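To keep things clear, I will list the structure first and then write my remarks on it.
The values are calculated or read from the model by the stated rules, or taken from the named source; none is laboratory data. The structure presented is a predicted model; accordingly, all values stated were derived computationally and were not measured. FYI the Cβ positions are ideal-geometry reconstructions off the backbone, even for glycines, and counts take in every protein chain you see. Please note that ligands, DNA and RNA were not included when accessible areas were found on the heavy atoms of the full protein model with its side chains. Shrake-Rupley method; radii C 1.70, N 1.55, O 1.52, S 1.80 Å.
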Amino acid sequence: MIGKILQYYLICLCITSISMVTLFVEFFGNISPYITPKKIGMFIIVAFSSLIFLFTSKWTRIKTTVTWNICLIICVFIFIEYFIIYGISFQLIFPLICMMLFFLWTFWVEIIEFNLVAIILICFACILSLQGLCQYWGILSSLDYNYPITGSFDNPAGFSSALSCLFPLCLFYYKDNHRRLKYASWIVSSLIVFVIILSESRAGILAVSITFLIYYLITIRSSRKTKIILVSVSCVLLILLYLWKKDSADGRLLIWMCALDMFMDKPIIGHGINVFQAKYMLYQGEYFKIHPDSSFALLADNVNHPFNECVLILIEHGLVGLAIVVLIIFLFIRTYLQKPDKINLVILLSLLALAIFSFFSYPFRYPFSWFILFMNITYLCRSRKREIRKNDNRLILFVKKLMVTFILFVVLFYSSMMWKMEIAWSKISQKILVEPNDELLSEYGKMHSWLGQNGLFLYNYAAELHQAKKYSQSIYILTQCVEYYNDMYVQLLFADCYYHNKDYQRAEFHYKLASDMCPSRYVPIYQLVKLYKDIGRNDEALALAKQILEKDIKVESSTVYAIKYEMKKIINGQPR
């Protein structure tokens, strides 16, 4: 009896710890201070939770469902895909931890009641909302000065996606017999909606609006006229959200158009995992090369996510991947229809909120979204029967414990190395700006063996080599970088290296590609003008100078006005 109580409290502790870490932890010593600490914290807690559960539990046989089995197969497939592409490296930890978390939730849901998990998560939703309010009122500082509210995330997307997924859990207590729980859920849900509106997250506003609308239509009896009015109001809200930040919405239309071209090249099985950052900007550059006068030109910018998880699935895994996702959604709905109780309704609404947010943003960039996703899936697929038996085969049990212990140490080792490497990278990148030297560059070389599959690290390393005038070495690192990460800045760095190596033909190619990727930017064309002037192609330089003077300004800055002033001098025949 004491063992069961202890196990119960340990599970509550694990759930609380993962929620707290994935929602609030940040560390400014990291290159990614808002994401990496959350991931590493989740890695460590999940690894220890797996070990604790294995050593404190009897051997349990769970009666699984078809949906659960399909989700498990997908987890295994993604893990294998990561292993094939990256081998044993930092990148392999995340899918491994996701599989472990999926298994943990599968056992946890058979032990701990949903209402207790909901209360824990609602409390964190309340704390997160209050943190957002304090940022809006200036009591706490926002982590991005462009947005009033970010929580402990890099922008409002992570903050509002977490609250959007947690909002339906408050609906679980809307009609509860306990008045305190009912009133508390009303207060917290109202606070969530209010803070999401203040955060200016359109995806969050849409997610909570639609989930509440569906909850209302299912649970509250109302006339047909009332339902039509509510649906009409939702349609108007969608239009208003589009008009609220029209340029941003149109910019996403551009991304989806270019992503469609990317999808059409490999429509069946896709381009492979994590290829968007490496290939997308090439397609955007090709689009503007074909359509130089496009109305989208002023909206184009560097892009590392399509702002739509379904589009990302289409690009990475093609129609096969999308078909699997559609099948899982169908199975979720069928599971609810087979047992339309209050728990399943709330779980389905939480998944719906996550899905709606996924159509307009990137919630799965943040570990909390994976945590809440696996929680919802396992509660929805929970078995009605559970067989518990004592495992008499001690050898098999010993092997299982040994494997989990080994995985724990692997996770701890790679997590600590990831933490160490990012902190070292952050420190060296700051030192080298003040006092660049070969010793610091050699430190980059040492980190390359660990971070050689991180596109941002490779770009930073190449930039430092360029700064040290080691142009050939910089080009070599950039050729590795474009396998994982490619944008306008990478192409500009390529071009500058070739320019200093006096390979003007390749420099011209990369300057033009950088300009095609982001037509609204002035620097690529400005660099082309300098190149043409230096190699004696004065007519082309003059034509581009005139083009720069006629360009619309997307964001006003001193750099833009300095470039325009210099172009005027070139046109007037004055020396630079």
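Rounded to the nearest 20 debye, what is the charge dipole size of the chain about its Cα centre when +1 sits on each Lys and Arg Cβ and -1 on each Asp and Glu Cβ? Let's see the in-between values first.
Numbers: 54 positive and 39 negative charges, 479 e Å.
Result for the chain is approximately 2300 debye, rounded to the nearest 20.
With an 8 Å Cα cut-off and a minimum separation of 6 or more residues, compute the relative contact order for the chain in percent. Write down the numbers at each step before the final one.
Numbers: 716 pairs, mean separation 104.1, N = 576.
Contact order relative to length: 18 percent.
Using +1 at the C-beta of Lys and Arg and -1 at the C-beta of Asp and Glu, which of 565, 472, 497 has the Cα lying farthest in the positive direction of the dipole of segment 471-576?
So the residue furthest toward the plus end is 565.
At a Cα cut-off below 25 Å, give the lysines reachable from residue 533, other chains included and same-chain residues fewer than 8 away excluded.
289, 469, 470, 502, 512, 546, 551, 564, 568, 569
Using 5 Å bins from zero, what percent of all Cα-Cα pairs in segment 278-331 falls into each bin?
Spelled out bin by bin, segment 278-331 gives 4, 16, 20, 19, 15, 11, 8, 5, 1, 0 percent.
Scan segment 422-496 for trypsin sites (Lys or Arg not before Pro) in coil per DSSP, keeping those whose Cβ has at most 16 other Cβ atoms within 10 Å, and list them by number.
On the way: sites: 427, 431, 446, 469, 470; in loops: 469, 470.
Filter output for segment 422-496: 469.
Output needed for segment 92-221: three equivalent-ellipsoid semi-axes, defined as square roots of 5 times the C-alpha gyration tensor eigenvalues, in descending order, whole Å. Numbers along the way, then the final one.
Values: eigenvalues 124, 99, 40 Å².
Whole-Å semi-axes of the equivalent ellipsoid: 25, 22, 14.
Under 13 Å from the Cβ of residue 21, count the other residues' Cβ atoms, weight Lys and Arg +1, Asp and Glu -1, and hand me the total. Intermediate values should be presented prior to the final figure.
On the way: positive: 38, 39; negative: 26.
Net charge around residue 21: +1.
Scan the chain and report its longest stretch carrying no GluC sites (Glu not before Pro) that are both in a DSSP loop and have at most 16 other Cβ atoms within 10 Å. Numbers along the way, then the final one.
Numbers: sites that count: 110, 113, 200, 483, 556.
After excluding every exposed loop site, the longest remaining stretch is 201-482.
When semi-axes √(5λ) of the Cα gyration tensor in Å is calculated directly from the model, which label among (1) 40, 31, 21; (2) 49, 28, 19; (3) 46, 30, 21 fits?
(3)
Heads up, I need the accessible area for residue 98: 1.4 angstrom probe, whole protein in place, Å², nearest 10.
Residue 98 exposes around 10 Å² with every protein chain in place.
Say the dipole of the chain comes from +1 at the beta carbon of Lys and Arg and -1 at that of Asp and Glu; which of 320, 260, 146 then lies farthest toward its positive end?
So the residue furthest toward the plus end is 320.
In the chain, once you exclude exposed chymotrypsin sites (Phe, Trp or Tyr not before Pro) (DSSP loop, at most 11 other Cβ within 10 angstrom), what's the longest stretch remaining?
Details: sites that count: 28, 145.
Within the chain, the longest run free of exposed chymotrypsin sites (Phe, Trp or Tyr not before Pro) spans 146-576.
Report the one residue of 216, 233, 290 whose Cα lies farthest in the direction of the positive end of the charge dipole of segment 181-325 (charges on C-beta: Lys and Arg +1, Asp and Glu -1; origin at the Cα centre).
Sorting the options by dipole projection puts first 216.
Given N residues in segment 151-209, what is Rg(Cα) / (2.2 N^0.38 Å)? Display every interim value, and only then the final one.
Numbers: Rg = 12.1 Å, N = 59, 2.2 N^0.38 = 10.4 Å.
Segment 151-209 yields a ratio of 1.17.
Roughly how many percent of the accessible protein surface of the chain is carbon and sulfur, given a 1.4 Å probe and a whole-percent answer?
Working: 18190 of 28530 Å².
Here it works out to 64 percent.
First select every other residue whose beta carbon is under 15 angstrom from the beta carbon of residue 348; then total the charges, Lys and Arg +1, Asp and Glu -1.
Values: positive: 334, 339, 342, 382; negative: 341.
In short, +3.
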